[in-house]
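Reading through the structure tokens given below for one structure.
The values are calculated or read from the model by the stated rules, or taken from the named source; none is laboratory data. Because the structure is predicted, anything quoted here is derived from the model rather than measured. When we count neighbours, we look across all protein chains shown, and the Cβ atoms used for this are built from the backbone with ideal geometry, even at glycine.
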Amino acid sequence: MIKTFIYKVLLRRHFWRDATFSEIAELYVSRAIRVVALNIVSGFTSVYLFQKGYSLVFIMAFWFCFYLFKTPLSFFAAFFVARFGPKHGILISNLLFVPSFVTLGFLPKLGIISIVVWGVFMAFSAAIYRLSYYVDFSKIKNSEHAGKELAYMNILEKVAIGVSPIIGGIIALLFGIESVMWLAAVLFVLSALPLFKSVEPTATHQIIKLNGFPWRANASNFLVQTGVGFDLVTTGIIWYLFIVVMIFDGQGSDIYVKLGFLSSVTIIIALASSYMYGKLIDKRRGGELLKFSVIGNSLVHVVRPFINTPISVAGVNFVNEAATTGYNMAFMRGMFDAADLSGHRIIYLSISDAISSLGSAMACLIFILCHNLIGSTNGFKMFFIIAAIYVLIIGLARFNLYKRKTFVIY
């Protein structure tokens with residue numbers, strides 16, 4: 001049903017595309033289900049560990065190890081995708097997440113073993129999925145309307161993200177957070193189903209070669225990726241922990257419902273901004289969108305240390321959603337274009353993902369240092385100020401796409 005709806009909406013406007021609509025619809029549907037599965041529980045995992053008695057330093061040390069471990073896996077994913085294709089990669093990735101969340105659900109019984117198993121499976125799944133999704137979308141997108149297609153994908157994601165945290169929070173309140181993890185595992189299986197009959201959009205059995213890769217032309221944009229990874233940890237993991245520790249004192253059986261609601265209030269701005277940003281990107285205004293959105297995102301991080309009520313948290317989430325969506329969409333469009341121009345799409349995207357993971361690991365390490373030097377309260381505040389400065393590096397991206405003078409008029 002979802003696939004049929006997507007087909008009817010997009011076919012009328014994109015009849016010139018080369019890829020079949022079964023390809024794009026399958027990707028959209030699989031992505032939507034995966035996002036639901038991920039977001040009914042992913043935002044709660046660090047909180048879950050905290051409530052089980054693990055310290056902030058331990059939790060951030062786990063994520064530091066996770067991102068360091070994931071970094072070389074991005075190159076393993078490159079060989080996997082080249083050999084089997086991106087859709088097979090997405091399928092395997094979704095299935096790998098099943099034992100990850102099932103095992104974490106047994107944390108009270110298995111202890112640290114469940115955390116290790118969860119982290120290892122999650123790292124393999126995340127590395128393979130991210131590259132597979134990027135390669136698949138990069139291949140089947142329509143070059144002149146990729147901004148609009150990014151908007152459609154982003155809108156679908158935001159609907160899923162808007163609904164799933166509340167659902168996850170309510171289920172956690174009624175049946176326990178472990179039941180949410182097991183439900184997520186089931187949904188990851190379902191997200192793999194649309195891809196079982198898929199045809200690969202790229203050639204399989206490819207051989208990865210570094211000869212002729214334009215390192216010099218892309219070096220600066222690769223460095224910028226550290227800012228993307230840094231911001232991912234700041235906005236996700238550390239911000240959630242800040243809310244739990246500083247706003248809710250880490251207490252209350254309904255904390256997951258509260259977090260779910262605070263995450264879901266952004267859905268309206270997310271939907272509106274996704275469509276608007278897609279238009280700007282297709283009119284070659286992505287460069288300006290990237291810069292202004294990065295500045296807005298930096299200002300949001302400056303404000304975070306002064307937030308002390310649930311209402312102000314909702315306001316920050318609302319503004320942050322508009323800024324993050326803007327730079328993410330503009331950055332991804334420029335990255336896809338650069339990957340196409342490089343002539344080494346898989347290598348380019350795998351390097352980008354690996355460096356982004358290093359940026360995430362760096363954010364975890366800096367938070368640990370801030371916490372150990374000046375304590376949790378001031379440590380959070382110092383970290384957000386550092387984040388506000390460092391994420392500005394994202395605005396230094398210089399994608400050739402945004403240097404061109406041609407415009408698309410609708």
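Just one of the numbered conditions (1) within 21 Å of the chain's Cα centre (by Cα); (2) of a type in the set (A, V, I, L, M, F, W, C); (3) under 27 Å from residue 67 (Cβ atoms) is not true of residue 248; which one?
Tallying (1) within 21 Å of the chain's Cα centre (by Cα); (2) of a type in the set (A, V, I, L, M, F, W, C); (3) under 27 Å from residue 67 (Cβ atoms), residue 248 fails exactly one: (1).
What single numbered condition from (1) modelled with pLDDT of 90 or more; (2) surrounded by 23 or more Cβ atoms within 10 Å (Cβ to Cβ); (3) hydrophobic (A, V, I, L, M, F, W, C) fails to hold for residue 241?
(2)
Residues being touching a residue at least 60 places away in the same chain (Cβ under 8 Å), of a type in the set (Gly, Ala, Ser) and either surrounded by fewer than 16 Cβ atoms within 10 Å (Cβ to Cβ) or not in a helix (DSSP H, G or I) (or both): count how many of those fall in segment 252-308.
Matching residues across segment 252-308 total 1.
Rundown of residues vs (1) hydrophobic (A, V, I, L, M, F, W, C); (2) part of a helix (DSSP H, G or I); (3) modelled with pLDDT of 95 or more, yes/no style:
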site: 319; (1), (2), (3): yes, yes, no
site: 340; (1), (2), (3): no, yes, no
site: 358; (1), (2), (3): yes, yes, yes
site: 361; (1), (2), (3): yes, yes, yes
site: 369; (1), (2), (3): yes, yes, yes
site: 389; (1), (2), (3): yes, yes, yes
